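FYI, it's all coordinate maths here, none of it is from the lab. None of these values were measured; they are calculated from a predicted model. Positions of Cβ are generated from backbone atoms using ideal geometry, with glycine treated the same way; all protein chains shown enter the neighbour counts.
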C-alpha cells in the first residue's frame, strides 16, 4: 500500500546520485513525503556518498539477501528493493538496465503510478524533455523516457530558433556531438584519442537526432534531423556544433536575443569548456546547472539570411535532472506542477 507521495530512484550513478540528493533536499517544497533509493552492491568506496544521501533524508533499499553485507560496512537499509518498488508512487530508473527492469519488475507493479527511464533506454516509453513537449504528458502515462542530455540540447536549440507554437520553421537540422569520454565520477570508459562513432541509423545518423525526431513527433512535428558523434579524450563537457536551415529569414542579433529570452538556455562568452564546467561546479547543484544548453554567443553566424551555425555546451546531465523532476511533479501535482518547477529556478542561469 502506497503511503503518501513516495519517489524511488534506482541507481546511484551520474544521474541517480544528484537526483536522489535533489529530491531529498527539496521534498517538502515539492510535496514529496519520502525518497527511497536502490543500491545493489555494498562497496566501501560508495559508503561516503550513500551516507550523505541518507543524511539528507533518503532511505536506503538493498536486495534482501545482501542486508547483512551492507550492515557489515555500517550501512543500515530501510527496505528491501522489491518492497521499495511496490511502495513507490513513482520509480525513476537511472541505470542502463531500464528496459530489462521494465520486463523483470515494473510491468507487474500495477500500483506504481509512473515509471521513468533515462536517455539510453530507447523504447521504454513516451519520450520527454521539459519545456519541449510538455503538452504530450498525460495523467495516464505509465512509462516515460527522459531523453539524453545531448538530445535535450539539440531539442532546445530547435525549439528556440525554429518552433512557433505548433508550426515548425525548420527546413533541416544538422548536428555534430563532440562528446566527453566519461564523467569525472567514472573510473572507466576513458578514450586515449578522439573516437568517431558510426552512423548506425541511415535516416538520422546517431541516436541523438533520432531521439529528437521522436521527441518532437509526440507533439505532431516531423523534422529533418541528422547527427554525427565523436568522443573526445576529455572529461569536461559535451559540446555540439549545430547548423539549422530555417524557412524564414533571421539575423544574428535576433538569434542571440531568442537564446537570451529562453529561461532554460544559458548564454556564455567563454569559449573554453573548462570555464563553463567550472562555473557549474562552483554554482550548480552537485556541480550541475540545470539549463538545457549553454550557447556560445561569439560562435553564432547567420549565412544566406536563414542558415544558423554555432556551438553550444551540454550541461553535465543537468537537463536530464530537470526533466526527471518535471515528470515527478506532473505525476504528483498535475494541477500545479509547472508552478512547483519554479522551486528549481535557483539552479537555472541566464549567463555562465
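Just need the relative contact order of the chain here, percent rounded to a whole number, with Cα pairs under 8 Å and 6+ apart.
Result for the chain is 15 percent.
How far, in degrees from 0 to 90, does helix 149-162 lean away from the longest principal axis of the Cα atoms of the chain, to the nearest 10?
40 degrees
For the chain, state the semi-axes of the equivalent ellipsoid (square roots of 5 times the eigenvalues of the alpha-carbon gyration tensor), sorted largest first and rounded to whole angstrom.
Numbers: eigenvalues 241, 95, 71 Å².
So the equivalent ellipsoid measures 35, 22, 19 Å along its semi-axes.
Take the Cβ-Cβ distance between residue 187 and residue 274 as r, set R0 to 22 Å, and report the resulting FRET efficiency rounded to the nearest 0.05.
Values: r = 21 Å, r/R0 = 0.94.
E between residue 187 and residue 274, to the nearest 0.05, is 0.60.
At a Förster distance of 41 Å, what's the computed FRET efficiency of residue 51 paired with residue 134, Cβ-Cβ distance as r, to 0.05?
That gives a FRET efficiency of 0.65.
Quickly work out the residue 304-to-residue 251 label distance, labels modelled 7 Å from Cα along the C-beta direction, and quote it in nm with one decimal.
2.1 nm
What value in Å³ per residue do you get for the convex hull of the alpha-carbon atoms in the stretch 149-318? The partial results should precede the final answer.
Values: hull volume 20.0 nm³, N = 170.
Expressed per residue, the convex hull around the Cα atoms of the stretch 149-318 is 118 Å³.
What is the Cα radius of gyration of the stretch 55-98 over 2.2 N^0.38 Å, N being its residue count?
That works out to 1.24 for the stretch 55-98.
Give me Rg/Rg_expected for the stretch 1-117, where Rg uses Cα atoms only and Rg_expected = 2.2 N^0.38 Å with N residues.
Ratio of Cα Rg to 2.2 N^0.38 Å: 0.98.
Restricting the count to DSSP beta bridges whose residues both fall in the chain, what percent are antiparallel, rounded to a multiple of 5?
Working: 27 of 65 bridges.
If I count the DSSP bridges inside the chain, around 40 percent turn out antiparallel.
Can you give the extra length, in nm with one decimal, that the chain gains between residue 201 and residue 43 once fully stretched, where that is 0.36 nm per residue apart less the Cα-Cα distance?
Taking 0.36 nm per residue and subtracting the Cα distance, the gain is 53.0 nm.
Express in nm, to one decimal, how much length is gained between residue 243 and residue 68 on full extension, taking 0.36 nm for each residue of separation and deducting their alpha carbon distance. The partial results should precede the final answer.
Values: separation 175, 0.36 × 175 = 63.00 nm, distance 5.52 nm.
Computed gain between residue 243 and residue 68 is 57.5 nm.
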